[in-house]
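Q: Just dropping this structure here.
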Amino acid sequence: MRMKELSLRQDPDLRKELALLARGCDFVLPSRFKKRLRAFQQGQAQVKKEEPITPALSESIPKFYFPRGRPQANLNIDNLISKIEKIFSEFPNERATIEDMGKVAKACECPLYWKGPLFYAAGGERTGFVSVHKFVAMWRKVLQTCHDDASKFLHLLAKPGCNYLEQEDFRQFLMDVVNSHPGLAFLKEASGFHNRYVNTVTQRIFYNVNRSWTGKITQFELRKSSFLQNVALLEEEEDVNHLTEYFSYEHFYVIYCKFWELDTDHDLFIDQRDLARHNDHAISLRMIERIFSGTVTRDRKVKKQGRLSYEDFVWFLISEEDKKTETSIEYWFRCMDLDGDGVLSMYELQYFYEEQCQRLEAMPVEPLPFEDCLCQMLDLVRPEVPGKITLRDLKRCKLSHIFFDTFFNIEKYLEHEQKDPFSVLRDGETEGQEYSDWERYAAEEYDTLVEEEMANEQYADGCGSLY
Ligand SMILES: [Ca+2]
Ligand SMILES: [Ca+2]
């Protein structure tokens with residue numbers, strides 16, 4: 001019995017799962033782990049009966065599964081509540097408006113910009129204020145049931161009874177940021193842009209946080225991401241442009257202007273011909289077609305109606321300009337995996353390379369024969385199973401951007417070709433890199449757009465007047 005228990009303990013997979021659970025992760029254990037966990041626990045129980053009790057084994061297994069965070073020891077809820085009641089006593093009729101909620105958030109020991117979610121979770125939207133009783137009842141329940149920031153924030157934003165967040169759940173929170181953050185004060189006059197900014201930030205949240213692509217952010221995903229740290233930073237950082245992961249206005253401006261250029265009739269949708277014009281037709285038509293196939297877009301009508309929404313364009317542009325992130329690698333992998341079997345096979349690579357060859361010949365540049373290109377790429381990716389490139393291989397190789405550009409972006413492919421191989425290898429080392437490819441692109445494009453704007457003051461339509 002002891003041997004069996006030891007071998008389970010040494011099992012690296014199980015240990016990893018246990019470690020994750022011990023940190024309070026919220027996800028369902030695969031059944032094979034459940035079985036092994038049960039066996040492990042039963043093993044422990046029998047050891048207790050059969051063997052002399054040693055101190056280590058006599059302790060019962062501590063609770064390690066905390067779906068709503070690990071409860072804090074000595075948490076005095078009544079103390080916390082009395083602080084909040086004191087703040088409410090300062091307000092007329094002990095009612096707080098949205099403007100008062102900053103003080104309430106601080107009394108709750110929350111980051112300042114939790115004020116919107118706190119207000120709306122206590123029903124403030126209906127009456128325009130929250131009473132002390134309603135607020136305290138709501139917050140007491142949160143304190144009793146949610147034990148860390150991810151769990152509390154999700155509870156505040158989610159629809160009743162839901163344990164995940166969908167895109168619209170972020171709306172009120174983000175609108176409150178737009179309405180009250182000093183770094184976005186200039187947007188006050190331009191209410192038409194509030195929605196666009198909120199939509200863009202929402203897409204960026206899902207792009208970075210919703211690693212499962214389900215459209216539903218779980219507590220586990222929220223906890224693992226940098227999002228709540230960024231929400232906390234909104235309080236200290238007066239310039240939202242420094243928060244480049246989610247909230248940067250400049251990044252929004254770049255994405256929106258890039259879309260505006262392609263969306264010539266400004267109905268907020270683009271078709272394949274519009275998207276093909278991106279970056280001077282750098283992306284192959286076969287790839288453009290794949291983007292409209294429904295494999296990487298949230299809007300279900302993309303394939304049927306042949307048009308891409310602004311929200312889906314946000315995903316496209318970030319993936320196109322930074323092919324080193326996990327989401328981006330998944331994005332392009334999905335596009336290249338024509339039969340969806342989870343492997344890029346030779347015929348799929350050849351399908352995309354054919355068009356690259358035709359385009360090179362038209363330039364005219366003599367293309368590398370497919371076999372030579374294939375050798376180079378296999379050398380670069382070094383797949384675990386020879387000849388079969390998986391998502392895992394591409395994430396591991398650190399040069400996924402070169403791989404993808406070789407197959408569908410003629411301009412970037414030629415750029416990589418002109419670099420010496422050593423600088424390319426250095427490029428692959430993203431760790432320690434000060435700016436991501438996306439940040440660099442957004443900064444350069446923003447400067448260009450502002451210069452253009454200054455050079456042409458008469459350019460007054462659409463996004464022209466909003467930098
Ligand atoms: Ca259009
Ligand atoms: Ca495939």
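Q: Which residues does the label zone of ASP299 cover in region 137-166, counting backbone N under 20 Å from a point 7 Å along Cα→Cβ?
A: 166
Q: Given the Cα-Cα distance of THR264 and TRP213 and 0.36 nm per residue of separation, how much length would full extension add, in nm?
A: So the chain would gain 15.4 nm between THR264 and TRP213.
Q: Please list, by residue number, every one of the trypsin sites (Lys or Arg not before Pro) in region 170-229 that is coil in DSSP and has at most 12 other beta-carbon atoms within 10 Å.
A: In loop regions of region 170-229 (DSSP not H, G, I, E or B), the sparsely surrounded trypsin sites (Lys or Arg not before Pro) are LYS188.
Q: Sort the following peptides by mean Cβ neighbour count (other Cβ atoms within 10 Å, averaged over residues), highest first: 253-262, 359-368.
A: For the peptides 253-262, 359-368, the packing ranking is 253-262, 359-368.
Q: Using C-alpha positions alone, give me the convex hull volume of region 74-145 per residue in cubic angstrom. Mind showing how you got there, number by number?
A: Values: hull volume 5.6 nm³, N = 72.
Hull volume normalised by residue count: 78 Å³.
Q: Continuing with the same structure: Measuring from centroid to centroid over Cα atoms, what is the spacing of region 77-112 and region 138-189 in Å?
A: If you average the Cα positions of each part, the centres end up 17 Å apart.
Q: Would you mind checking LYS224/LYS303; LYS83/LYS152; LYS216/LYS301 for any pair whose Cα atoms are more than 22 angstrom apart?
A: The answer is LYS224/LYS303.
Q: Compute the separation of the alpha-carbon centres of region 436-456 and region 273-289 and state it in Å as a whole number.
A: 21 Å
Q: Normalise the Cα radius of gyration of region 249-343 by 2.2 N^0.38 Å (N = residues in it) and let me know the number.
A: Details: Rg = 12.8 Å, N = 95, 2.2 N^0.38 = 12.4 Å.
Dividing the Cα Rg of region 249-343 by 2.2 N^0.38 Å gives 1.03.
Q: Short version: ³J(HN,Hα) in whole Hz for each residue of region 83-99, in order, from phi by Karplus 6.51 cos²θ - 1.76 cosθ + 1.60 (θ = phi - 60°), x for Gly and Pro, what are they?
A: Per-residue couplings from phi come out as 4, 5, 4, 4, 4, 4, 5, 6, 8, x, 6, 6, 10, 10, 8, 4, 5 Hz.
Bear in mind these aren't lab numbers, they're just calculated from the coordinates by the rules spelled out. What you see is a predicted model, and the numbers here were worked out from it, not measured in a lab. For neighbour counting, all protein chains shown are included, and Cβ atoms are generated from backbone atoms with ideal geometry for every residue, glycine included.
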